[in-house]
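Below you'll find the structure, written out as structure tokens, and then a few comments.
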Amino acid sequence: MSEVNVSDNLKKLRLRIAKAEQAVGRAPNSVGLVAVSKTKPISLIRAAIAEGQRAFGENYAQEAIEKATALADLGLEWHFIGPVQSNKTQGLAGAMSWVHTVDRLKIARRLNDQRPENMPALNVCLQVNISQETSKAGLPPDQVAALAREVAGLPRLRLRGLMAIPAPTDNTLEQRQAFADMRELLLQLKSTLPELDTLSMGMSGDLEAAIAEGATLIRVGSDIFGARN
Ligand SMILES: *Cc1c(COP(=O)(O)O)cnc(C)c1O
């Protein structure tokens with residue numbers, strides 16, 4: 001494995017984000033960065049922390065809980081961005097600040113019931129299958145409003161917005177279209193849920209398109225921590 005320079009990578013990424021914000025007239029630092037550390041060792045997470053990074057994303061529940069527990073004294077913000085299984089909700093409810101991937105009421109209810117009382121409400125996003133891929137996780141766009149209404153009523157969850165992983169493509173126009181559809185969907189929801197403020201979209205390969213269409217949180221892994229095996 002080649003050496004990865006997390007500090008350099010983060011500095012370059014921050015410039016890239018700033019340029020993308022500026023290109024579309026968005027305010028500096030209006031896009032939050034979740035550093036996706038899945039499969040990567042704690043040593044690389046510490047290198048990102050040393051560079052000022054506070055928000056980390058993980059895909060696998062067991063790994064997410066272990067890393068959050070190991071670094072609990074540092075006041076980091078842990079984001080769960082992988083598929084949520086019922087038998088993992090308790091651990092996630094106790095260790096995460098955010099879960100981006102709620103797509104069923106059953107999972108939302110479990111997270112709500114299991115969120116410890118001494119912690120603030122758990123931030124959640126609804127995952128949308130925006131490219132309508134048959135194999136993909138996430139809600140079809142036409143089911144988002146109904147689930148949002150239910151989740152917004154759960155007192156130990158704080159519904160923040162929507163998340164998507166569009167079908168991968170190098171075509172910038174296609175990237176923009178999927179993210180624009182997400183922006184439109186959030187806008188519609190905000191007519192009844194004005195407190196929603198989050199669009200979690202954009203990764204290493206498409207973050208410029210996501211920022212152009214209003215992403216408020218991007219989730220970047222390989223461009224910070226190197227390719228995964
Ligand atoms: C792995 C992953 C990312 C990061 O992807 P990169 O291409 O490595 O930047 C973002 N979001 C989700 C949901 C992921 O699973």
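FYI, it's all coordinate maths here, none of it is from the lab. Computed from a predicted model, the values in this text were never measured in an experiment. Cβ sites come from the backbone with ideal geometry, for glycine too, and all protein chains shown count toward neighbours.
Quick notes on this one:
- For the chain, a Gaussian network of Cα nodes joined below 10 Å ranks Gly52, Gly161, Gly138 by mean-square fluctuation, and the top entry is Gly52.
- Point-to-point label distance, Glu77-Lys136, nm (Cα→Cβ direction, 7 Å offset): 2.5
- In sequence order, the stretch 19-24 has phi-based couplings of 5, 5, 4, 5, 4, 10 Hz under the Karplus curve 6.51 cos²θ - 1.76 cosθ + 1.60, θ = phi - 60°, and Gly or Pro positions carry x.
- Applying both filters, DSSP loop and at most 13 other Cβ atoms within 10 Å, to the GluC sites (Glu not before Pro) of the stretch 1-64 gives Glu3.
- Amide H to amide H, with H built 1.01 Å from N, Lys40 comes under 5 Å of no residue 5 or more places away or on another chain.
- Within-13-Å neighbourhood charge of Gln22 [Cβ basis; K, R +1; D, E -1]: +2
- The stretch 37-122: radius of gyration over Cα atoms, expressed as a fraction of 2.2 N^0.38 Å: 1.06
- Seen from all directions on average, the stretch 155-228 presents a Cα convex hull projection of 5.9 nm².
- Taking each residue as 0.36 nm, the span from Arg16 to Gln188 lengthens on full extension beyond its C-alpha to C-alpha distance by 58.9 nm.
- Counting every pair of alpha carbons in the stretch 113-159, the share spaced more than 17 Å apart comes to 44 percent.
- Semi-axis lengths, largest first, of the ellipsoid equivalent to the stretch 116-191 are 26, 13, 12 Å, with √(5λ) applied to each eigenvalue of the Cα gyration tensor.
- Stokes-Einstein diffusion coefficient of the stretch 6-225, Kirkwood radius over Cα pairs, 25 °C, 0.890 mPa s, in µm²/s: 140
- ³J(HN,Hα) computed for each position of the stretch 129-141 - Karplus, 6.51 cos²θ - 1.76 cosθ + 1.60, integer Hz, glycine/proline x: 7, 6, 8, 6, 7, 5, 8, 8, 5, x, 7, x, x
- For Val102, residues with placed amide H under 5 Å, excluding near neighbours: Cys125, Gln127
- GNM flexibility winner over the chain from Ala145, Ala48, Ala72 (Cα, springs under 10 Å): Ala72
- Those aspartates and glutamates that a straight Cα-Cα span of less than 19 Å connects to Lys67, excepting residues fewer than 8 apart in one chain: Glu51, Glu58, Glu77
- Applying a DSSP loop filter and a limit of 14 other Cβ atoms within 10 Å to the GluC sites (Glu not before Pro) in the stretch 126-180 leaves Glu133.
- Neighbours of Asp197 by Cβ distance under 14 Å: Lys/Arg scored +1, Asp/Glu scored -1, total +3.
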